[in-house]
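Take a look at the structure below.
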Amino acid sequence: MEEKKSGFGSRLLKILLAVLVPIVFLLLLVGMLLKLAGLNPIVEVKGLLFGNNAAQTFGGTSSNQITTLKQQIAAQQSTIKQLQSDNTSKSDQISQLNTQLQQAQAAASQKSSASASQAQTARDAVYAQTYRNMDPAKAAAIFEKLPTKQAAEYINMLDDKTKASILQNMPADKAAALTPLLQAQPAAASTSGTGSSSVSTSASSGTYP
């Protein structure tokens, strides 16, 4: 009895092998042929099992994903280009504002320098007129108490005739210290100073030209 069962099992195994081996070989051969033909064996098998619509669905899923990814990448690249353009525009605006600021600062500095120069010129004119109209002896007493450089700065504002009158009323050592610092007065200023002195003298004496 056991020998019959063993013989039956052996025959059944042989039959299965005889059937399965050709099927497996056939499947492998078909798969190789499909690959050589440029087809995807898995997609074709799915098409056979689930129909053409299911195969198209499985095959189309990856295609749709790729298309979506490409669209997203294109949108991101467009956004990056827009941001770069905005950044360049803002950099240009900052450069223009910096240039305008520098120009405004330069103009303010020039205006301040001009105002300071005008104020100094006005003060110098007041000093010169004051010492020109002052008695030479009193002016000499004031210059004697000032530092030598400051006294020279003030006395050089005066015409040569007024300088000489003031120096004559100074002590010899102070006059000697001031002499190397004296500067020649321009002819126009000297003439103007002489005229102003004459007008001042005439006004003080009550006579006019």
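Values as computed for the structure displayed
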| item | result |
| --- | --- |
| Residue in the range 26-35 that is exposed (fewer than 10 other Cβ atoms within 10 Å of the Cβ) and at pLDDT below 80 present | no |
| Filter pass, LYS70 being among the charged types (D, E, K, R) and at pLDDT 65 or above | yes |
| Single residue of the range 142-155 satisfying the filter (under 51 Å from the mean Cα position of the chain (by Cα) and among the β-branched types (Val, Ile, Thr)) that is farthest from ALA128 (Cα to Cα) | THR148 |
| Failed item, numbered, when ALA74 is tested on (1) closer than 30 Å to ASN40 by Cβ; (2) in contact with a Gly (Cβ under 7 Å, 6 or more places away or on another chain); (3) not polar (S, T, N, Q) | (2) |
| Of all residues in the range 122-155 being small (Gly, Ala, Ser) and either modelled with pLDDT of 90 or more or open to solvent by 40 Å² or more (accessible area, probe 1.4 Å) (or both), the one that is nearest to ALA184 (Cα to Cα) | ALA125 |
| Residue list for the range 36-67, filter: within 60 Å of the chain's Cα centre (by Cα), open to solvent by less than 100 Å² (accessible area, probe 1.4 Å) and at pLDDT below 65 | THR57, GLY59, GLY60, THR61 |
| Matching entry among LEU167, LEU181, LEU158 (being loosely packed, with under 15 Cβ neighbours inside 10 Å, of a type in the set (A, V, I, L, M, F, W, C) and either within 57 Å of the chain's Cα centre (by Cα) or at pLDDT 85 or above (or both)) | LEU181 |
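The values are calculated or read from the model by the stated rules, or taken from the named source; none is laboratory data. In this text, all values refer to a predicted model and were calculated from it rather than measured experimentally. Here Cβ is always computed from backbone atoms with ideal geometry, including for glycine, and neighbour counts include all displayed protein chains. Keep in mind that these areas ignore ligands, DNA and RNA; they rest on the heavy atoms of the full protein, side chains included. Shrake-Rupley method; radii C 1.70, N 1.55, O 1.52, S 1.80 Å.
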